[in-house]
Amino acid sequence: MGRNLEDLIIFIGKRFLQLLPVLLGVIVLTFLVTHVAAVDPCPRWYPKASHNVLLACEAQFKLPLWTQFWDYFSQLLVGNWGTSQLGTPVFPVIAAAVPATLELVIASMFLMIVIGIPLGVIAAQYAGRWGDHLVRVLYLSGWSVPTYVGAVVAAVYLAPAVGLPTSGEYSVYPPPFPQVTHMSILDAIIAGNFPYTIDAINHLILPAGVLAFINMGIATRMTRATMLEVLPLDYVKAARMKGLSNFIVLYKHALRNALIATVTVLGLTAGGLLAGTVVIEEVFSWPGIGAYAFEALGGAGVPNFDGAIAVVVVFSIGVVVANLLSDILYGILDPRVEWR
Amino acid sequence: MDAYASLPAPRRLASTAGRTLINFYKVMRANPLSFAGFVLVSITLILSAIVVIHPALIVPYSATQNTGVYNEPPTILRWPPSFAHPFGTDEGGRDIYSDVLLALPLDLGIGIGIAGISVFLGGFLGLVAGYWDKPGTLGGATSTVIMRVTDVFLAFPSLLLALALLASIGRGVATAFLAIFITWWPFYVRLVRGEVLAVKHLPYVTAARAAGVKETRILTRHVLRNVFDPIIVYFTLDIGTVLVTFSTISYIGAGILWPGPSPEWGSMMSYYQGAEPIFIYWWFIAAPAVAIFMTALAYSLLGDGLRDVLDPRTRRALTQSVTTSEPPPEEPALAKATTETSAEAEAAEESEMRS
């Protein structure tokens with residue numbers, strides 16, 4: 001069959017190698033957008049800089065294209081991602097911001113799984129009837145809400161009503177313990193600080209909830225579609241004939257088969273989740289790369305050229321890696337896929 | 001429907017139109033939500049047509065007109081919704097109802113425009129990449145190149161690209177348009193290629209080839225016709241998604257500037273949220289938010305309903321009454337494709353049914 005451990009290593013290795021040209025393409029594309037498409041970039045990027053800085057910048061843009069690209073690419077590879085106009089190096093700031101975004105994305109993915117998938121099962125169970133229609137309205141609503149509308153409504157009108165915080169990771173910042181992982185909940189747990197753990201969870205609920213609500217539709221509709229395919233199959237009928245309860249048949253027998261496709265699709269939503277973090281983090285003051293992207297690209301009035309490039313590359317890497325993970329996960333979950 | 005006029009025989013015209021209408025009725029009866037979506041979509045199209053052709057009919061004020069009295073203290077400008085101003089007025093005395101309506105054609109036009117161009121470009125590349133993908137040939141090489149390039153573009157979140165473009169070419173409709181378009185077409189390449197790969201080995205294609213039909217004709221007449229259903233579904237769904245993305249790009253400051261000559265829902269929300277205590281003046285953002293939500297929801301409902309009806313697998317599970325693979329007539333492009341079927345294509349359809 002080709003599903004040994006060695007085959008798995010080859011399978012993952014192959015997928016990983018396929019990823020490299022995509023990454024290179026992403027870097028080239030970012031370069032083209034920021035260096036070649038730019039109209040009179042220097043005054044735009046360095047609005048408050050001195051004359052010398054502007055001259056140096058213009059001299060750099062006059063170099064041959066290939067030299068410009070090589071400078072940009074080699075610096076990117078060695079982790080020298082430049083500094084912002086205020087003098088802060090880019091790499092450490094982004095490195096500290098990535099885990100916070102990861103935490104947000106993982107939390108909303110968790111919500112998408114525990115809420116979105118059962119909703120899909122309910123929709124399939126009542127297909128064509130009112131239960132189905134209700135679920136459809138719910139997930140299409142999420143689909144149709146722009147991230148900023150969801151975030152603003154949650155932060156301005158919903159938060160005071162339910163008493164949840166809407167700003168940052170903790171109520172008192174910085175916390176009285178070292179931020180080892182830069183993930184708010186994990187740090188509080190590592191420090192053994194129980195009140196801060198609860199506080200961190202409270203701060204995470206609204207941003208993660210909004211992000212999950214907006215992206216949940218994909219999980220729900222995929223679960224529903226695959227459940228509709230699985231439910232008429234003989235093994236489900238056999239389970240019913242054995243006298244198993246409806247719940248066991250649906251959630252243990254049928255859902256298990258339907259989950260393979262859903263899990264794969266969840267990995268593909270990473271792009272949407274990451275793009276959503278730009279607005280969500282800005283509205284909820286979450287210290288992740290989304291908010292950093294917003295500020296680096298001029299949201300705060302001081303554009304940060306190096307930071308902007310780095311952020312676009314980091315986001316694209318995030319999407320590519322998420323797609324890779326879902327591809328690998330699909331290969332592992334679906335016993336029909338051969339690993340060679 | 002112009003498409004019907006090009007048909008040669010009046011008899012076929014009548015039967016095709018009748019069949020399409022019956023199918024449309026069945027589709028709408030099968031799912032009340034699709035019907036709601038259809039009604040909402042019609043409303044948005046009619047409203048934006050009126051705004052473009054004869055705005056004075058429904059839009060009482062211009063975009064930035066101050067409807068208040070200049071000598072009044074500023075707070076008096078912020079009228080809550082009333083009979084004279086259905087959605088209230090903002091801090092500049094602007095009538096929010098007028099602004100929300102004036103924004104409709106732009107947002108809708110961007111949604112339909114970008115989704116439409118993406119369908120054509122992505123669909124064309126997807127057809128080529130899916131149909132001529134034999135390794136070792138020129139077509140195979142082209143296919144590989146197309147798919148690799150597509151992979152790269154797919155990895156870009158459009159919002160991030162918009163921010164990068166904002167930084168390099170400045171804000172404006174062009175920035176937003178480019179950012180969405182560059183990241184949108186690759187999806188259709190994937191979609192169409194997948195469908196073509198699934199269809200092109202079916203017996204009816206082989207039969208057409210055995211009968212001596214030219215490859216390009218097989219592609220345009222037989223294969224293309226069969227990948228149409230999913231394209232229509234995603235196109236309809238995408239109008240809403242593009243619209244949401246466009247307004248989000250405006251919201252983060254890369255799109256249209258408000259207050260300005262042309263209102264846009266996302267930039268309206270962004271401006272009021274930053275400039276005003278919206279917890280008190282809730283009507284500043286209520287109307288644009290509801291407008292964008294309802295418009296996007298309309299196309300999502302319609303597209304989602306179409307998907308269930310056009311996909312034979314879910315259709316079978318859903319309703320026994322709807323037994324058509326013919327799409328409803330509200331999509332003119334689709335009606336054209338289905339009604340232009342010659343005897344040749346109908347023969348192909350039959351052989352497909354038998355297989």
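Condition check ((1) of a type outside the set (Gly, Ala, Ser); (2) in contact (Cβ under 8 Å) with a residue 24 or more places away in the chain; (3) assigned by TED's automatic domain parsing to the domain that holds B:TYR281; (4) out of contact with any helix residue (DSSP H, G or I) (no Cβ under 9 Å at 6 or more places or on another chain)) across all residues:
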residue: B:TYR61; (1), (2), (3), (4): yes, yes, yes, no
residue: B:GLY93; (1), (2), (3), (4): no, yes, yes, no
residue: B:ASP99; (1), (2), (3), (4): yes, yes, yes, no
residue: B:LEU102; (1), (2), (3), (4): yes, yes, yes, no
residue: B:LEU108; (1), (2), (3), (4): yes, yes, yes, no
residue: B:GLY140; (1), (2), (3), (4): no, no, yes, yes
**Q.** Pair list, Cβ under 6 Å, 6 or more apart: the stretch B:168-185 residue on the phi < 0 side of the Ramachandran plot, other residue outside any helix (DSSP H, G or I)
**A.** B:SER168/A:ALA37; B:SER168/A:ALA38; B:ILE169/A:VAL39; B:ARG171/B:ALA254; B:THR175/B:ALA254; B:ALA176/B:GLY255; B:THR183/B:PHE156
Q.
Cβ contacts < 6 Å: first residue within 9 Å of chain B (Cβ to nearest Cβ), restricted to the stretch A:130-158; second residue surrounded by fewer than 17 Cβ atoms within 10 Å (Cβ to Cβ), any location; separation 6+ or different chain. Result?
A. A:ASP132/A:TYR126; A:VAL156/B:PHE279
(Q) So, A:ALA161, is that one within 14 Å of chain B (Cβ to nearest Cβ), more than 30 Å from A:VAL319 (Cβ to Cβ) and small (Gly, Ala, Ser) or not? (A) yes
Q: Kindly indicate the residue of the stretch B:223-263 that is away from chain A (no Cβ under 12 Å) and of a type in the set (D, E, K, R) and also farthest from A:ALA275 (Cα to Cα) among those meeting that condition.
A: B:ARG225
Q: Scan the stretch B:239-248 and give yes if some residue there is over 19 Å from B:VAL41 (Cα atoms) and over 20 Å from the mean Cα position of the chain (by Cα), otherwise no.
A: no
Q.
So, in the stretch A:216-229, exactly how many residues are within 12 Å of chain B (Cβ to nearest Cβ) and closer than 15 Å to A:THR147 by Cα?
A. 1
Q. Is there a residue being surrounded by 20 or more Cβ atoms within 10 Å (Cβ to Cβ) and outside any helix (DSSP H, G or I) anywhere in the stretch A:262-269?
A. yes
Q) Looking at A:LEU233, A:LEU250, A:LEU244, A:LEU268, which is the one that is among the aliphatic types (A, V, I, L, M) and within 11 Å of chain B (Cβ to nearest Cβ)? A) A:LEU268
Q: Restricting attention to the stretch B:34-58, report how many residues are farther than 14 Å from B:THR236 by Cβ and surrounded by 20 or more Cβ atoms within 10 Å (Cβ to Cβ).
A: 2
Q | helices (runs of 4 or more DSSP H) wholly inside the stretch B:1-85 that include at least 2 residues being at pLDDT below 75 and either of a type outside the set (Val, Ile, Thr) or within 28 Å of B:ASP308 (Cα to Cα) (or both) | A | B:2-5, B:10-30
Q: From (1) surrounded by 19 or more Cβ atoms within 10 Å (Cβ to Cβ); (2) of a type in the set (A, V, I, L, M, F, W, C); (3) within 11 Å of chain A (Cβ to nearest Cβ), pick out the condition that doesn't hold for B:VAL128.
A: (3)
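Here's the yes/no breakdown for (1) charged (D, E, K, R); (2) within 13 Å of chain B (Cβ to nearest Cβ); (3) touching a Lys or Arg at 6+ places or on another chain (Cβ under 6 Å):
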position: A:ARG3; (1), (2), (3): yes, no, no
position: A:LEU8; (1), (2), (3): no, no, no
position: A:ILE27; (1), (2), (3): no, yes, no
position: A:ALA37; (1), (2), (3): no, yes, no
position: A:ASN52; (1), (2), (3): no, no, no
position: A:THR67; (1), (2), (3): no, no, no
position: A:TRP81; (1), (2), (3): no, no, no
Q | Which numbered condition A:LYS62 fails, given (1) within 14 Å of chain B (Cβ to nearest Cβ); (2) surrounded by fewer than 11 Cβ atoms within 10 Å (Cβ to Cβ) | A | (1)
Q. Out of (1) touching a residue at least 40 places away in the same chain (Cβ under 8 Å); (2) touching a helix residue (DSSP H, G or I) at 6+ places or on another chain (Cβ under 8 Å); (3) more than 14 Å from chain B (Cβ to nearest Cβ); (4) not in a loop (DSSP other than H, G, I, E, B), the odd one out for A:ARG15 is which?
A. (3)
Q) Condition test on B:PHE246, is it of a type in the set (Phe, Trp, Tyr) and either under 22 Å from A:ALA296 (Cα atoms) or at pLDDT 85 or above (or both)? A) yes
Q: With respect to A:LEU297, determine if the residue is within 12 Å of chain B (Cβ to nearest Cβ), modelled with pLDDT of 80 or more and crowded, with 24+ Cβ neighbours inside 10 Å.
A: no
Q) Just one of the numbered conditions (1) within 30 Å of A:ILE260 (Cβ to Cβ); (2) crowded, with 16+ Cβ neighbours inside 10 Å is not true of A:ILE94; which one? A) (1)
Q. Given the conditions (1) touching an Asp or Glu at 6+ places or on another chain (Cβ under 9 Å); (2) polar (S, T, N, Q); (3) more than 29 Å from B:LEU40 (Cβ to Cβ); (4) crowded, with 16+ Cβ neighbours inside 10 Å, and given that B:THR236 satisfies all but one, which numbered condition is not satisfied?
A. (3)
Q: Report yes if some residue within the stretch A:124-131 is hydroxyl-bearing (Ser, Thr, Tyr) and closer than 28 Å to A:GLU282 by Cα; otherwise report no.
A: no
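The values are calculated or read from the model by the stated rules, or taken from the named source; none is laboratory data. Predicted model only: the values in this text are computed from it and were never measured. Cβ sites come from the backbone with ideal geometry, for glycine too, and all protein chains shown count toward neighbours.
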